[in-house]
Amino acid sequence: MLKTLSRSYNVLSKTLLQGRKCEHESRRTVWTLLNNSFPQSAVQRNAIEIRNLSTTATLCAKARVVVKKKPLSEKKLTRYFIDYRNVKLAAGSGGRGVCSFLSEPRKEWGGPDGGNGGDGGNIIIKVDRLMKSLAQVVPLYKGEDGQSGGSKNCYGRNGSITYILVPIGTVVKEEGTMVADLSRHGQEYLAVFGGMGGKGNRFFLSNENRAPMTTTPGIPGQERRLQLELRTMAHAGLVGFPNAGKSSLLRAISNATPAVAAYPFTTLNPHVGIVKYRDHEQVAVADIPGIIQGAHLNRGLGISFLRHIERCRFLLFVLDMSSPEPWTHLEQLCYELDQYEPGLSKRPQAIVANKMDLPEARGNLEALRSRVTQRVIPLSALKGHNTEELILHLRELYDGYDGPATRW
Ligand SMILES: Nc1nc2c(ncn2[C@@H]2O[C@H](COP(=O)(O)OP(=O)(O)OP(=O)(O)O)[C@@H](O)[C@H]2O)c(=O)[nH]1
Ligand SMILES: [Mg+2]
């Protein structure tokens with residue numbers, strides 16, 4: 001009978017899946033069939049009803065449409081890309097010491113046995129290469145407090161360490177002064193110390209005082225206000241006006257896929273792409289959001305992104321050659337960089353003359369070459385023309401770099 005029941009159920013499920021229209025009809029037909037053939041108890045009927053509604057049935061599961069997650073738009077991604085955080089840290093306080101006396105059969109006056117409290121937990125800022133921004137860092141961290149001591153000389157447990165995970169390239173500052181530069185995976189900075197645990201009365205036992213009642217409370221943990229700043233770490237930085245084609249260029253030479261569109265400020269946060277060479281050497285190139293005249297006065301996206309250029313060993317100025325007098329853009333870019341940090345525009349560099357596929361660009365190339373001393377690489381990021389010259393020059397800059405080594 002059970003076999004027939006389950007067969008009927010399968011027929012019902014299949015009919016249900018054929019379409020909503022016939023659902024009611026088919027259900028009634030199968031029910032009549034079932035009722036006529038097998039008079040059942042109410043419990044059995046309920047069981048069938050419940051199974052019909054179950055979405056875990058294999059047939060239903062197959063019919064279910066898997067809703068795919070939409071890729072996040074650049075605008076939404078920006079919300080998750082946080083490169084600055086103000087945090088308040090309070091380490092755990094020490095547990096208090098305890099006053100207690102041992103008293104057991106035949107040992108009524110066993111003496112003091114109050115244990116010490118545990119130490120408060122420290123807070124450590126730790127670099128994790130899987131972290132991409134400071135979005136997960138919250139404004140307040142409280143370390144774990146140490147446990148109070150116990151009787152029978154039991155010491156309290158120490159508070160466990162609280163880790164704040166940050167991405168590679170995070171700088172820790174206190175009142176504007178840099179206190180730590182975290183640039184290697186796994187690197188740690190002990191930000192605040194937990195308070196020491198208090199002493200139990202056993203600690204105060206001496207020849208003079210055989211029954212001390214003194215205990216001390218735990219010491220409160222250290223407190224600090226710190227600023228965390230993320231500075232993108234890449235060998236080369238693409239610097240240019242909005243719409244110059246920086247993101248298109250990064251797409252053309254590396255594995256990165258930043259958004260490209262024909263409106264200014266498409267890129268709202270830095271992207272890092274890796275250029276791979278045959279000898280397995282890898283050069284990281286960062287696409288920095290567009291800089292405009294007055295960026296150091298907080299125009300456009302402001303200076304917040306200039307800090308990402310600070311760590312680049314060399315700069316690639318990307319110019320839109322189809323715009324009139326592109327060399328004026330170069331002067332303005334250098335001016336903005338120097339306003340942020342004097343001498344920043346003097347780093348080893350090259351000029352990428354982009355959009356050379358457009359007819360108005362050709363006339364500007366010679367004029368640009370006659371005005372600048374740096375190497376000019378004409379190319380078209382959109383069409384992928386002459387990107388090899390840039391890739392090779394990037395390697396020359398990388399190999400010829402003799403400044404301070406960037407720590408990774
Ligand atoms: N014809 C031509 N168009 C290009 C070239 N490179 C980029 N473009 C176009 O220029 C527009 C801007 O390109 P993006 O790569 O988004 O420019 P961007 O410098 O990253 O701009 P922001 O992110 O706003 O700073 C897009 O419409 C690209 O298709 C090129 O070599 N030739
Ligand atoms: Mg861009």
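Answer with one residue from Ile274, Ile292, Ser323: the one whose Cα lies farthest towards the positive end of the charge dipole of segment 274-329, charges on Cβ with Lys, Arg +1 and Asp, Glu -1.
Working it through, the farthest residue towards the positive pole turns out to be Ile274.
Which parts of segment 236-270 would a label at Glu360 reach, counting a residue when its backbone N lies under 14 Å from a point 7 Å out along Cα-to-Cβ?
Output list for this probe position: 244.
Using amide H atoms built in the peptide plane, which far-off residues or other-chain residues are under 5 Å from Leu165 H to H?
For Leu165, whose amide H was placed from the backbone, the distant partners under 5 Å are Lys126.
Net charge near Ala367, counting Lys/Arg +1 and Asp/Glu -1 over other residues with Cβ under 13 Å of its Cβ?
Net of charged neighbours comes to 0.
Which far-off residues, 5 or more places away or on another chain, put their amide H under 5 Å from the one on Val192, with H placed in the peptide plane?
Here the answer is Ile123, since their amide H atoms fall under 5 Å of that of Val192.
Using all C-alpha to C-alpha distances in segment 154-263, build P(r) with 10 Å bins and read off the rounded percent in each one.
11, 23, 19, 18, 12, 8, 5, 4, 1
To the nearest 0.05, how large is the calculated FRET efficiency for Arg106 and Arg157 if R₀ is 25 Å and r is the Cβ-Cβ distance?
With a Förster radius of 25 Å, E is 0.20.
Please compute the contact order of segment 82-230 in relative form: average sequence separation of alpha-carbon pairs under 8 Å and at least six residues apart, divided by the residue count, as a percent.
37
Taking θ = phi - 60°, what integer Hz values does the Karplus form 6.51 cos²θ - 1.76 cosθ + 1.60 yield along segment 392-399, in sequence order, with x for Gly and Pro?
After applying 6.51 cos²θ - 1.76 cosθ + 1.60, I find 5, 5, 4, 5, 4, 4, 5, 5 Hz.
Binning at 5 Å from 0, report for segment 82-230 what percent of all alpha-carbon pair distances ends up in each bin.
2, 11, 16, 16, 12, 10, 8, 7, 6, 5, 4, 2, 1, 0
Here are some pairs, Lys88/Lys132; Lys132/Lys276; Lys173/Lys199; Lys126/Lys276; Lys246/Lys346; Lys107/Lys152; which of them have Cα atoms lying more than 25 Å apart in this structure?
On the way: Lys88/Lys132 21 Å; Lys132/Lys276 21 Å; Lys173/Lys199 35 Å; Lys126/Lys276 29 Å; Lys246/Lys346 20 Å; Lys107/Lys152 13 Å.
Too far apart for the 25 Å limit: Lys173/Lys199; Lys126/Lys276.
Give the span of segment 303-408's Cα atoms along each principal axis, as three whole-Å numbers ordered largest to smallest.
That gives 43, 29, 25 Å along the principal axes, largest extent first.
For Arg369, Arg106, Arg395, write out the residues from largest to smallest accessible area, computed with a 1.4 angstrom probe and no ligands counted.
On the way: Arg369 100, Arg106 240, Arg395 45 Å².
So the residues, ranked largest to smallest area, are Arg106, Arg369, Arg395.
When a/c reaches 1.5 or more, the comparison of a/b and b/c decides; with that in mind, is segment 343-403 rounded, prolate or oblate per its Cα gyration tensor? Walk me through the numbers before you get to the answer.
Working: a/c = 2.83, a/b = 1.47, b/c = 1.93.
Cα axes put segment 343-403 in the oblate bin.
Order Met321, Met213 by their accessible area, 1.4 angstrom probe, all chains in place, largest first.
The residues order as Met213, Met321, largest area first.
Per residue of segment 172-183, what does 6.51 cos²θ - 1.76 cosθ + 1.60 with θ = phi - 60° give for ³J(HN,Hα)? Whole Hz please, x for Gly and Pro, Karplus curve as stated.
9, 10, 10, 6, x, 9, 6, 10, 7, 10, 9, 10
Where the centroid of each part is defined by its Cα atoms, how far is segment 261-303 from segment 121-144 in Å?
Taking the Cα centre of segment 121-144 as reference, the centre of segment 261-303 is 26 Å away.
When the Debye formula is applied to the Cα atoms of segment 262-302, each taken as the same point scatterer, what base-10 log of I(q)/I(0) results at q = 0.23, 0.34, 0.35 Å⁻¹?
Values returned for q = 0.23, 0.34, 0.35 Å⁻¹ are -0.77, -1.08, -1.10.
Let me check I've understood the local charge: for Ile164, count other residues with C-beta under 13 angstrom from its C-beta, Lys and Arg +1, Asp and Glu -1. What total comes out?
Working: positive: Arg85, Lys88, Lys126, Lys142, Arg224; negative: Asp128, Glu188.
Every neighbour counted, the sum reads +3.
Can you sort His296, His280, His393 by 1.4 Å-probe accessible area, starting with the largest?
His280, His296, His393
Less than 12 Å Cβ to Cβ from Arg307, Lys/Arg counted +1 and Asp/Glu -1: what total charge do the surrounding residues give?
Summing Lys and Arg as +1 and Asp and Glu as -1 gives -1.
Give me the accessible area of Val179, 1.4 Å probe, in Å² rounded to the nearest 10.
In the full protein context, Val179 sits at about 60 Å².
The values are calculated or read from the model by the stated rules, or taken from the named source; none is laboratory data. Since the model is a prediction, treat every value here as computed from it, not as a measurement. Cβ coordinates were reconstructed from backbone atoms using ideal geometry, including for glycine residues, and neighbour counts include every protein chain displayed. The protein model used for the area step is the full one, side chains on, heavy atoms only, and it has no ligands, DNA or RNA in it. Shrake-Rupley method; radii C 1.70, N 1.55, O 1.52, S 1.80 Å.
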